[in-house]
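**Q** Take a look at the following structure, please.
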Amino acid sequence: MRRNLQDGGRLRPVDLARGHGLSTQAIRNYEAAGILPGAERSPHGYRTYTPRHAQALRAFLALVPGHGHQTATSIMQAINRDATEDALRLIDESHAQLLDDRRTLQAVEAALRDLEPVPQERGDTFVGALARRLGIRPATLRKWERAGVVQPRRDPQTGYRVYSAADVRDARLAHQLRRGGYLLEQIAPLIAQVRSAGGVAPLEAMLRDWRARLSARSRAMLTGAAALDAYLDCRPAPPADEDDC
């Protein structure tokens with residue numbers, strides 16, 4: 001049952017801001033972006049907010065850690081324009097992405113478990129074919145090469161980049177780690193250690209951290225869902241509904 005907070009106590013922008021450690025300009029920006037419902041104006045033109053706005057702000061701030069600022073903004077915008085189904089779809093997409101990230105982590109862990117030293121033999125994979133296999137652009141592989149992530153040889157006749165089996169392994173590993181949110185400057189030294197040691201022990205700490213971050217994100221989504229559900233319950237009731245909780 002909905003609670004109608006629209007006519008509750010009035011709040012100044014500074015009241016709303018201080019309660020959440022924000023600036024009054026941030027509150028105005030959130031309103032302008034559609035994260036908060038539109039504020040009423042006093043006879044002198046000053047913004048006035050209600051507990052409903054405070055609930056919206058709590059919901060947004062709770063959504064950000066799990067969904068990111070952009071998606072959290074889109075969710076609140078959809079709710080505030082009464083497009084709840086759009087908001088729920090965005091939430092579902094975030095959960096689907098989290099599940100995909102978990103599967104990626106599992107794939108990395110499985111790949112590392114099965115990883116064996118590969119012979120340092122001449123490869124026959126060129127940049128275009130490897131890029132298509134990974135679903136990235138050739139320019140991305142060239143960027144990884146500049147960062148030291150992959151070290152393809154050059155064909156002495158054509159000058160084309162030629163990726164050995166070890167280079168393909170390194171590129172696949174780098175691609176999976178990039179999917180996990182790691183930066184090239186974090187990946188390059190680990191790939192170098194894998195390359196020189198012929199093993200994957202250097203990645204164990206990173207995988208533990210990756211797993212912990214996914215769990216934290218999942219918990220944050222639960223927190224955000226509870227706050228958003230509270231906001232949905234506190235929206236103004238439809239005009240024909242006189243029931244007020």
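**Q** Can you name every residue in the stretch 136-192 that is open to solvent by 80 Å² or more (accessible area, probe 1.4 Å), over 31 Å from the mean Cα position of the chain (by Cα) and in contact (Cβ under 8 Å) with a residue 24 or more places away in the chain?
**A** R153, Y160
**Q** Using beta carbons and a limit of 7 Å, which pairs, at least six apart or on different chains, have the first residue in the stretch 30-45 and closer than 20 Å to A59 by Cα and the second one part of a loop (DSSP other than H, G, I, E, B)?
**A** Note: pairs meeting the criteria are Y30/L36; E31/G38; E31/A39.
**Q** Does the stretch 28-39 contain at least one residue that is under 26 Å from the mean Cα position of the chain (by Cα) and closer than 28 Å to S215 by Cα?
**A** Looking for residues that are under 26 Å from the mean Cα position of the chain (by Cα) and closer than 28 Å to S215 by Cα, one finds at least one in the stretch 28-39, hence yes.
**Q** For the subset of the stretch 200-229 comprising residues that are modelled with pLDDT under 85 and either surrounded by 15 or more Cβ atoms within 10 Å (Cβ to Cβ) or within 14 Å of the chain's Cα centre (by Cα) (or both), which member is farthest from R103 (Cα to Cα)?
**A** Looking at residues that are modelled with pLDDT under 85 and either surrounded by 15 or more Cβ atoms within 10 Å (Cβ to Cβ) or within 14 Å of the chain's Cα centre (by Cα) (or both), I get P202.
**Q** Which residue out of G21, G34, G38, G8 is at pLDDT below 95, at positive phi and of a type outside the set (D, E, K, R)?
**A** Among G21, G34, G38, G8, only G21 is at pLDDT below 95, at positive phi and of a type outside the set (D, E, K, R).
**Q** Which one of the conditions (1) over 29 Å from L207 (Cα atoms); (2) among the charged types (D, E, K, R); (3) at pLDDT 95 or above does D124 fail to meet, given that it meets all the rest?
**A** For D124, the failing item is (3).
The values are calculated or read from the model by the stated rules, or taken from the named source; none is laboratory data. If you're wondering where the values come from, they're calculated on a predicted model, not measured in any experiment. Backbone-built Cβ (ideal geometry, glycine too); neighbour counts: all protein chains shown. Quick note on the areas: whole protein, heavy atoms, side chains included, nothing else; ligands and nucleic acids left out. Shrake-Rupley method; radii C 1.70, N 1.55, O 1.52, S 1.80 Å.
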